[in-house]
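For reference, the structure is listed below as structure tokens.
The values are calculated or read from the model by the stated rules, or taken from the named source; none is laboratory data. Bear in mind that the values here come from a model prediction, so they are computed numbers and not experimental data. Quick reminder, even Gly has a Cβ in these numbers, built from the backbone with ideal geometry, and neighbours come from all protein chains shown.
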Amino acid sequence: MAVVTFAGCGDAFGSGGRFQACIHLRPGPGRAPVLLDCGATSLTALRQAGLDPGEIAAVFVSHLHGDHFGGLPFLILDGQFSRRVAPLLIAGPPGTGERLTTAMECLFPGSSRARRRFEVTVTELPPGGPRTVAGVTAEAWAASHPSGAPALILRLAVGGTVIAYTGDTAWTPAIQAASRDADLLIAEAYYWDKAVPHHLRYADLTEHEITARRVILTHLSADMLARAARHETDRHETARDGLTITI
Ligand SMILES: [Zn+2]
Ligand SMILES: [Zn+2]
């Protein structure tokens with residue numbers, strides 16, 4: 001069982017007033033939650049959803065764009081100022097450690113070297129696996145989405161529940177492999193059918209066989225949000241900020 005809360009399910013540009021990617025996964029009662037992506041707005045998104053950032057044991061990062069990892073410096077600083085002691089694990093594509101240090105130094109100079117009561121450990125996930133981080137088993141596939149480092153499509157086993165996540169990516173058969181018979185696929189649906197490089201279209205999801213038992217759309221553009229409001233995407237569920245499901 002896992003409880004999934006979409007603290008943030010928007011794109012990079014605040015379309016529809018939504019927070020950037022921040023999906024909170026709780027493996028079961030009494031178990032520490034993990035995050036799937038941590039966009040720049042995530043600390044606000046978590047508090048808006050009534051979720052405690054200090055509880056988060058690990059963050060799985062799909063790729064190194066600001067709307068997916070830009071919240072990490074704020075999460076780490078919040079831990080520092082709230083006297084967190086529990087370790088924080090960060091698992092992301094190769095290059096995550098260096099990019100995180102660069103982001104921290106850019107936003108809060110000196111913060112990457114500050115003394116903290118808790119340890120921050122970065123585990124880099126090349127495509128492949130499985131690897132276990134904070135009790136979550138992660139497999140990764142290469143996404144098609146340039147971000148200065150490899151981008152990942154992730155498949156996580158969380159408390160016996162299998163959750164696949166496209167991150168941002170152009171269509172690739174790796175989406176089918178990563179989500180094969182999964183309990184849930186969280187899928188980017190940025191555009192309807194317009195050919196846009198590096199991103200997933202709703203048409204890609206409807207034109208290909210997906211065997212995941214449940215699909216929830218995320219990272220919608222303003223146009224896609226309007227279509228969802230007109231029920232044009234009703235073949236699938238659509239996330240909204242604060243949506244919580246148990247699977
Ligand atoms: Zn994005
Ligand atoms: Zn991106």
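Out of the range 34-63, which residues are in a loop (DSSP other than H, G, I, E, B) and more than 11 Å from the chain's Cα centre (by Cα)? Those that are in a loop (DSSP other than H, G, I, E, B) and more than 11 Å from the chain's Cα centre (by Cα): 40, 41, 49, 50, 51, 52, 56, 57. Hey, does the range 186-208 have a residue that's free of Cβ contacts under 8 Å to residues at least 40 places away in the same chain, away from ligand 2 (no atom under 16 Å from the Cβ) and part of a strand (DSSP E or B)? Looking through the range 186-208, none of the residues is free of Cβ contacts under 8 Å to residues at least 40 places away in the same chain, away from ligand 2 (no atom under 16 Å from the Cβ) and part of a strand (DSSP E or B). Residue 106 meets the conditions (1) touching a Phe, Trp or Tyr at 6+ places or on another chain (Cβ under 8 Å); (2) of a type in the set (A, V, I, L, M, F, W, C); (3) outside any strand (DSSP E or B) in every case but one. The failed one is (1).
Determine if the range 133-148 includes at least one residue that is more than 16 Å from ligand 2 (Cβ to nearest atom) and surrounded by fewer than 17 Cβ atoms within 10 Å (Cβ to Cβ). Among the residues of the range 133-148, at least one is more than 16 Å from ligand 2 (Cβ to nearest atom) and surrounded by fewer than 17 Cβ atoms within 10 Å (Cβ to Cβ), which makes the answer yes. The single condition among (1) outside any strand (DSSP E or B); (2) modelled with pLDDT of 95 or more; (3) among the charged types (D, E, K, R); (4) more than 16 Å from ligand 1 (Cβ to nearest atom) that residue 168 does not satisfy is (4). Restricting 146, 150, 126 to residues that are assigned to a loop (DSSP other than H, G, I, E, B), more than 16 Å from ligand 1 (Cβ to nearest atom), under 17 Å from the mean Cα position of the chain (by Cα) and closer than 30 Å to residue 202 by Cα narrows the list to 126. Annotation: residue 78 fulfils all but one of (1) in contact with a Lys or Arg (Cβ under 7 Å, 6 or more places away or on another chain); (2) part of a helix (DSSP H, G or I); the unmet one is (1).
Each row is one residue, and each column tells you yes or no for (1) out of contact with any Phe, Trp or Tyr (no Cβ under 8 Å at 6 or more places or on another chain); (2) at pLDDT below 95; (3) within 16 Å of ligand 1 (Cβ to nearest atom).
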{"site": "47", "(1), (2), (3)": "yes, no, no"}
{"site": "51", "(1), (2), (3)": "yes, no, no"}
{"site": "55", "(1), (2), (3)": "yes, no, no"}
{"site": "61", "(1), (2), (3)": "no, no, yes"}
{"site": "66", "(1), (2), (3)": "yes, no, yes"}
{"site": "71", "(1), (2), (3)": "yes, no, yes"}
{"site": "74", "(1), (2), (3)": "yes, no, no"}
{"site": "79", "(1), (2), (3)": "no, no, no"}
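The requirement of being away from ligand 1 (no atom under 13 Å from the Cβ), modelled with pLDDT of 95 or more, in contact with a Phe, Trp or Tyr (Cβ under 7 Å, 6 or more places away or on another chain) and not β-branched (Val, Ile, Thr) is satisfied by residue 203.
Of all residues in the range 149-174, those satisfying the criterion of being within 15 Å of ligand 2 (Cβ to nearest atom), buried (at least 24 other Cβ atoms within 10 Å of the Cβ) and either free of Cβ contacts under 8 Å to residues at least 12 places away in the same chain or of a type in the set (Val, Ile, Thr) (or both) are 153, 166, 169.
For the range 29-45, filtered to residues that are of a type in the set (Gly, Ala, Ser) and either surrounded by fewer than 24 Cβ atoms within 10 Å (Cβ to Cβ) or at pLDDT below 95 (or both), the residue that is farthest from ligand 2 (Cβ to nearest atom) is 30.
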